[in-house]
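Here's the structure we're looking at; comments come further down.
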Amino acid sequence: MVTEEHSMQAGEREQVGSALALERVSFGYDGEPVLHEVSLQLAQGELVGLLGPNGAGKTTLLRLASGLLAPAGGRVLLVGHPLRGLTRATVARNVAVVPQDFAVQFAYTVRQIVALGRMPHRGLLGTATPTDRRAVARALAATHTDDLADRVFNELSGGERQRVLLALALAQESPIVLLDEPTAHLDVKHQTETLELLRRLNRERGITVLAALHDLNLAARYFPRLLLLHHTILADGPPAEVLDAALLSRVYGTPVQVGILRGEEHLSVLPVGTRAPTGQAEALPTPGRPEQPPPTPLVHVFVGGGSGELLMRALADAGISFTAGPLNVGDSDYALAERLAAATLVEPPSASISAQSLAAAHEALGAARAVVVCPTPLGHGNLALLDLACDACRAGAVVVLLNPGGTAGTRKASVAARDFTGRGPELYAALEAAGARWANSPREVLALLGEAGMG
């Protein structure tokens, strides 16, 4: 048990499931409520974007999560321990905060600013040790600010300052980093550089990241999980679920449209009435437009486990009608398929694929001109679906095997990595022998469908 007189050790971190959690947290200023019963949990190593309009409570939530504010109700847990029971030094060794604005009155060098991150490890008046100096050097190198080390912080550009503040957080060597608008006041180049750096550090070091953001398009591009906050959590999940046009229009108070622009691999959010650049597909239809009779589905998609989110968005955005499934209710692809597919073949939660679903899938493939097989986890229940796709390919249907980022040399290993039956590579080889085509992205899938006269 951790008390005010003790700090958490590395072993304790490993014994606890989540890195950071808020349980029914409420807070207000001068009697005005800002957050109401906010609950969320961040797993170790997650990269999470926090969205919401001005005044939604994003900065307040980060201050509560870092212990700078105490909740009026509920509690904050740091690796399973109530934040209120920890010393400030303990919290600082586990949570680093990158503020939106950071000002210093004196001509501190970049190295001196980054060295501030070592304070939780040596105390306010402690002398820097070789360990501290090594940590500062690693942070400067990781953020590519080592060439700025002797420059005065206040003389740097906005993008350079943001990298230095991230270096300060890294020097703190905390497993959790909270960022408040890390791309604010930056131009497009420095916004991209900052988020690329953040994503790389998350992947290489396993740092848990929660970043408040205003730009929905950057959030969709860089963050696999998004939280939509408006005084409470309204949506929590991948971009394809959270960036819902109707929900965003209501929360931000302005009509928006959401879709995947042709040639892109991530969701885009545009004001209603905005047209995509010439030669690209317009985003999803504006809410309120008269609905047209649904076209006959041209494509059947085998999805599951989140493997089909971008593909289904891309098909819908390109105006290609499709069917999907079989899918279990509650599968991460289920909700999106229900919204975008002309029809979804459904099984109860956790149920195996029934004979009725197999018959329905056979019928759907018979009606479609193309089949797309997404990189779903392969269990014994869905091997029969690969057999159906192989039969459809031999009967003349276009069959596309989606394998994001794959190459001819890595495809077999990619299939084997998600195969729990031992037969996955064999069935994929049969599909390839029957004439199935490989695609590395939804964009390539659309190109192959276009070649077949369906784009």
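Filtering the range 367-376 to residues that are within 12 Å of Phe302 (Cβ to Cβ) and either of a type in the set (Ser, Thr, Tyr) or part of a loop (DSSP other than H, G, I, E, B) (or both) leaves Ala368, Cys374, Pro375, Thr376. How many of the residues making up the range 146-161 are part of a helix (DSSP H, G or I) and in contact with a strand residue (DSSP E or B) (Cβ under 8 Å, 6 or more places away or on another chain)? Residues in the range 146-161 being part of a helix (DSSP H, G or I) and in contact with a strand residue (DSSP E or B) (Cβ under 8 Å, 6 or more places away or on another chain): 1 in total.
Considering every residue within the range 408-418, establish whether at least one is within 23 Å of Ile320 (Cβ to Cβ) and out of contact with any Cys (no Cβ under 6 Å at 6 or more places or on another chain). Checking the range 408-418: not a single residue is within 23 Å of Ile320 (Cβ to Cβ) and out of contact with any Cys (no Cβ under 6 Å at 6 or more places or on another chain).
Are any residues in the range 86-110 crowded, with 22+ Cβ neighbours inside 10 Å and not aliphatic (A, V, I, L, M), and if so, which ones? Of everything in the range 86-110, just one residue is crowded, with 22+ Cβ neighbours inside 10 Å and not aliphatic (A, V, I, L, M), namely Asn94. The residues on offer are Arg200, Arg163, and the sole one that is out of contact with any helix residue (DSSP H, G or I) (no Cβ under 8 Å at 6 or more places or on another chain), of a type in the set (D, E, K, R) and at pLDDT 80 or above is Arg200.
Has the range 440-447 got at least one residue that is under 15 Å from Phe302 (Cα atoms), assigned to a helix (DSSP H, G or I) and in contact (Cβ under 8 Å) with a residue 12 or more places away in the chain? Among the residues of the range 440-447, at least one is under 15 Å from Phe302 (Cα atoms), assigned to a helix (DSSP H, G or I) and in contact (Cβ under 8 Å) with a residue 12 or more places away in the chain, which makes the answer yes.
The residues of the range 404-439 that are modelled with pLDDT of 90 or more, charged (D, E, K, R) and in a loop (DSSP other than H, G, I, E, B) amount to a single one, Arg423. Is it fair to say Gly74 is in a strand (DSSP E or B) and closer than 13 Å to Leu22 by Cα? Spelling it out, Gly74 is indeed in a strand (DSSP E or B) and closer than 13 Å to Leu22 by Cα.
Can you tell me which residue among Ala184, Ala128, Ala149 is surrounded by fewer than 23 Cβ atoms within 10 Å (Cβ to Cβ), of a type outside the set (Lys, Arg) and closer than 25 Å to Asn54 by Cβ? That would be Ala184, the only listed residue that is surrounded by fewer than 23 Cβ atoms within 10 Å (Cβ to Cβ), of a type outside the set (Lys, Arg) and closer than 25 Å to Asn54 by Cβ. Are any residues in the range 371-396 crowded, with 22+ Cβ neighbours inside 10 Å and of a type in the set (Gly, Ala, Ser), and if so, which ones? Answer for the range 371-396, where residues must be crowded, with 22+ Cβ neighbours inside 10 Å and of a type in the set (Gly, Ala, Ser): Ala389, Ala392. The residues listed here are Ala324, Ala360, Ala337, Ala364; of these, the one that is closer than 26 Å to Ala417 by Cβ and either of a type in the set (Val, Ile, Thr) or part of a helix (DSSP H, G or I) (or both) is Ala337. A single member of Leu83, Leu140, Leu69 is under 24 Å from Leu213 (Cβ atoms) and buried (at least 22 other Cβ atoms within 10 Å of the Cβ), and it is Leu83. Listed by first and then second residue, the pairs linking a residue in the range 377-403 that is in a loop (DSSP other than H, G, I, E, B) to a residue that is of a type in the set (Val, Ile, Thr) and buried (at least 22 other Cβ atoms within 10 Å of the Cβ), with Cβ atoms under 8 Å apart and 6 or more places separating them unless they lie on different chains, are Ala397/Val371. Against the conditions (1) within 29 Å of the chain's Cα centre (by Cα); (2) more than 17 Å from Gly308 (Cα to Cα), Arg369 satisfies every one except (1). Quick one: Gln162 ticks every box in (1) crowded, with 18+ Cβ neighbours inside 10 Å; (2) over 26 Å from Leu216 (Cβ atoms); (3) not hydroxyl-bearing (Ser, Thr, Tyr) bar one, so which box is it? With (1) crowded, with 18+ Cβ neighbours inside 10 Å; (2) over 26 Å from Leu216 (Cβ atoms); (3) not hydroxyl-bearing (Ser, Thr, Tyr) applied to Gln162, the lone miss is (2).
Residues of the range 80-94 being under 11 Å from Ser174 (Cβ atoms) and touching a residue at least 60 places away in the same chain (Cβ under 8 Å), which ones? Thr90, Ala92, Arg93, Asn94 - these are the residues of the range 80-94 that are under 11 Å from Ser174 (Cβ atoms) and touching a residue at least 60 places away in the same chain (Cβ under 8 Å).
Yes/no matrix, rows are residues, columns are (1) assigned to a strand (DSSP E or B); (2) at pLDDT below 80; (3) surrounded by fewer than 21 Cβ atoms within 10 Å (Cβ to Cβ):
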{"site": "Gly263", "(1), (2), (3)": "no, yes, yes"}
{"site": "His266", "(1), (2), (3)": "no, yes, yes"}
{"site": "Thr286", "(1), (2), (3)": "no, yes, yes"}
{"site": "Glu291", "(1), (2), (3)": "no, yes, yes"}
{"site": "His300", "(1), (2), (3)": "yes, no, no"}
{"site": "Leu311", "(1), (2), (3)": "no, no, no"}
{"site": "Ala351", "(1), (2), (3)": "no, yes, yes"}
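Listed conditions (1) without any contact (Cβ under 8 Å) to a residue 24 or more places away in the chain; (2) surrounded by fewer than 18 Cβ atoms within 10 Å (Cβ to Cβ) are all met by Leu345, apart from (2). I'd like to check something: does the range 116-125 contain any residue that is touching a residue at least 12 places away in the same chain (Cβ under 8 Å), touching a strand residue (DSSP E or B) at 6+ places or on another chain (Cβ under 6 Å) and over 22 Å from Glu196 (Cα atoms)? No, there is no match, as no residue in the range 116-125 is touching a residue at least 12 places away in the same chain (Cβ under 8 Å), touching a strand residue (DSSP E or B) at 6+ places or on another chain (Cβ under 6 Å) and over 22 Å from Glu196 (Cα atoms).
The values are calculated or read from the model by the stated rules, or taken from the named source; none is laboratory data. Just so it is clear, the model here is predicted, and its values are computed rather than measured. Here the Cβ is made from the backbone with ideal geometry for all residues, glycine too, and neighbour counts use every protein chain on show.
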